[in-house]
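Heads up: the structure comes next, in structure tokens.
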Amino acid sequence: MTTAAVGDSGIPPMPERTPRALREATAQHAPALLPDFDAHWKRDIADAYDIAPVPAFMARWWGEYALARDPLLEQRVHRLEEEAAGATGIDRAKALLEEAGHIRRSARQVEPGR
């Protein structure tokens, strides 16, 4: 899934699968994501009396961080999405979005330490 092995080309490993570890890794390696991460946390999790939304939060931000830590992979996904937005044929747009979606789903499956 990644364009290089973990540690090569500066790709950091995935953190422990906890909100705190994910936030720390995001702050260190993908700080541009931090304002949205924190806003989402404050809006949906911080004052909640139920932890039910935490798995969905983690799935989303785990995938976002997994992409952001690998700039070449992140660029590829964004390029696919941009190309789909400008595609003139529905079949081409669909194929491009399916490829981008596959990469995003794969990113959410990366295990800690990988």
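Just a few scattered comments:
- Residues TRP62, TRP41 arranged by fewest to most Cβ contacts within 10 Å: TRP41, TRP62
- Computed from Cα positions, the angle between helix 90-108 and the longest principal axis of the chain comes to roughly 30 degrees.
- In terms of its Cα atoms, the chain spans 46, 34, 22 Å along the principal axes, sorted from long to short.
- About its Cα centre, the chain has a charge dipole of approximately 120 debye under the convention of +1 per Lys or Arg Cβ and -1 per Asp or Glu Cβ, with nothing else charged.
- Ranked by how many other Cβ atoms sit within 10 Å of their own Cβ, fewest first, the residues GLU111, GLU64 fall in the order GLU111, GLU64.
- Taking LEU72, LEU33 and counting other C-beta atoms within 10 Å, the order from fewest to most: LEU72, LEU33
- The sum of -39500 (n - 2.57) across all DSSP H runs of n ≥ 4, divided by the residue count of the chain, sets its helix-only mean residue ellipticity at 222 nm to -19500 deg cm²/dmol.
- Net charge, ASP36 excluded, C-beta distance under 15 Å - Lys, Arg +1, Asp, Glu -1: 0
No lab work stands behind these numbers, since they all come straight from the coordinates. Quick caveat: nothing in here was measured; it's all calculated off a predicted structure. Positions of Cβ are backbone-derived with ideal geometry, glycine not excepted, and every protein chain shown enters the neighbour counts.
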